[in-house]
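Reading through the structure tokens given below for one structure.
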Amino acid sequence: MSANIGWLFYRDYFNGIDYAKLSDKKDTKNKEYIEKKVANITKQTPQIVEENILGNVHFKATTMYPGLLLGSGNAHELPSIEGQLSLGFSFDYTTGLPVIAGSSIKGVLRSAFSHPEYIQELLGDDTVDVRAVESDIFDNRDIFFDAVVTSYSTQLLDDDFLTPHDEEGIKNPIPIRFLKVMPAVTYVFDFYLKDGLISKDRKRKLFEAILADLGLGAKTNVGYGKFENFAPFVTKEEKEEAAKVQFQESFQKAKNSQEIGVLESFISQHRGTQEAAIIEETLIELRVKQKENTHKERNDKAQLAYDALLKVKGNQKKFVKEKEKFIKKWAAEKNHKKSPFVLELLEKVKAL
């Protein structure tokens, strides 16, 4: 079972350090200790449990190489320990998973509106009032929730390094080690949006386009924070509701159908439900009706032959001849096909 990674990073990471030797450059124990702590953090493979999605519009997107850097402005550095994770990180307090703050998402999205022509291009309308749309979205109308991890490939987090440069270029640079979200980690972006100057759906598409272009988190100028594979995200509740709707549509289709195959398919898929029991009754009635319809043409022909026979009953010689012909024909199974009506007529004729 995985530990809470946020706790490992901000609490356990600092436990056990010999603070009296922080300034001792010859000491290696603190460095070895930090290496173990970093390895423990990056090897965690937490199980992802779908959280309650609060908004009414959501989509998912996946991190690209080299990954995602979150919360780097948070304090985490200790003096004089080589190999330490120098930058902070952003974790959900409860789950311990890396989280993208809703305020950060909102900030990046709003920053795009400082370029009106860019927004007009994304909306496909060069007449739209960008300032009005910006106010409609960001001034207390729409809500931006934290983006949370919904899945990852094999590894959620890893360490990475950046080498700082000063104005004189590289001069005895000391690489900065930090924690990052790995590529191939999928996040759910969640919003509560209202139809306004543009619809909820157009807002979603606009947000996806902006995030695909600008990215999120720190160091986007060197490739971090990029996303791909934007796609709709369906919550557990939405799946259940969609399944209910699909079930009712399937039930109504079977209920109104005259095709035995459709009815049998519904019963097979939903056996044990009240609706399946109703369709079973319909199926029985349909089979009886179809059986009757199967014999209708045969019954009509037999009835016509019987009526013709009765008309010659006054002519004994002809009647006997026609009676024998009737019995011979309709006694053959290939002709009566076990039709109850035809078999009943046959007995009547025999009794004449």
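The values are calculated or read from the model by the stated rules, or taken from the named source; none is laboratory data. In this text the structure is predicted, and so the values were computed from the model without any measurement. Note that we place each Cβ from the backbone using ideal geometry, even for glycine, and neighbour counts take in every protein chain shown.
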Q: Tell me, yes or no, whether the stretch 310-322 has at least one residue that is closer than 30 Å to E344 by Cα, without any contact (Cβ under 8 Å) to a residue 60 or more places away in the chain, surrounded by 16 or more Cβ atoms within 10 Å (Cβ to Cβ) and not acidic (D, E).
A: yes
Q. Which residue, of S23, S80, S72, is under 30 Å from D142 (Cα atoms) and either part of a loop (DSSP other than H, G, I, E, B) or aliphatic (A, V, I, L, M) (or both)?
A. S72
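Here's a check for you: in the stretch 214-236, which residue that is part of a helix (DSSP H, G or I) and touching a residue at least 24 places away in the same chain (Cβ under 8 Å) is surrounded by the most Cβ atoms within 10 Å (Cβ to Cβ)?
Among those residues, the one meeting the criterion is L214.
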Q: Among residues belonging to the stretch 174-213 that are among the basic types (K, R) and assigned to a strand (DSSP E or B), point out the one that is nearest to Y224 (Cα to Cα).
A: K180
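Identify the residue in the stretch 99-122 that is small (G, A, S) and surrounded by fewer than 20 Cβ atoms within 10 Å (Cβ to Cβ) and, among all such residues, is farthest from F189 (Cα to Cα).
It comes out as S114.
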(Q) Restricting to the stretch 76-89, name every residue that is in contact with a Ser or Thr (Cβ under 8 Å, 6 or more places away or on another chain) and either within 18 Å of A218 (Cβ to Cβ) or β-branched (V, I, T) (or both). (A) H76, E77, L87, G88, F89
Q) Which of the residues spanning the stretch 83-94 are under 30 Å from D24 (Cβ atoms) and part of a loop (DSSP other than H, G, I, E, B)? A) G83, Q84, S86, L87, G88, F89
(Q) Could you list, ordered by first residue, the pairs with Cβ atoms under 8 Å in which the first is in the stretch 63-74 and of a type in the set (F, W, Y) and the second is in a loop (DSSP other than H, G, I, E, B), at least 6 apart or interchain? (A) Y65/P183; Y65/G223
Q: Report, ordered by the first and then the second residue, all pairs with beta carbons closer than 8 Å, sequence separation of six or more or different chains, a first member in the stretch 148-161 that is surrounded by fewer than 21 Cβ atoms within 10 Å (Cβ to Cβ), and a second member that is of a type in the set (G, A, S).
A: S153/A184; D158/G67; D160/G67
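Residues V99, V108: which one is within 30 Å of L8 (Cβ to Cβ) and in contact with a helix residue (DSSP H, G or I) (Cβ under 6 Å, 6 or more places away or on another chain)?
That would be V108, the only listed residue that is within 30 Å of L8 (Cβ to Cβ) and in contact with a helix residue (DSSP H, G or I) (Cβ under 6 Å, 6 or more places away or on another chain).
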Q) Right, A75: closer than 16 Å to D159 by Cα, assigned by TED's automatic domain parsing to the domain that holds D195 and loosely packed, with under 13 Cβ neighbours inside 10 Å or not? A) no
Q) Which condition breaks for V188 when tested against (1) without any contact (Cβ under 8 Å) to a residue 60 or more places away in the chain; (2) in contact with a His (Cβ under 8 Å, 6 or more places away or on another chain)? A) (1)
Q | Matching residues in the stretch 299-352 - criterion: being outside any helix (DSSP H, G or I) and under 60 Å from the mean Cα position of the chain (by Cα) | A | K337, K338, S339
Q | Scope the stretch 201-254; condition among the charged types (D, E, K, R) and either in contact with a Ser or Thr (Cβ under 6 Å, 6 or more places away or on another chain) or at positive phi (or both); matching residues | A | K219, E228
Q. Out of all the residues in the stretch 26-52, which are under 20 Å from T94 (Cα atoms) and either part of a loop (DSSP other than H, G, I, E, B) or at pLDDT below 80 (or both)?
A. K43, Q44, T45, P46, Q47, I48, V49, E50, E51, N52
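Got a sec? Which of E134, E82, E121 is among the acidic types (D, E), closer than 18 Å to A212 by Cβ and more than 26 Å from the chain's Cα centre (by Cα)?
Unique residue meeting the criteria: E121.
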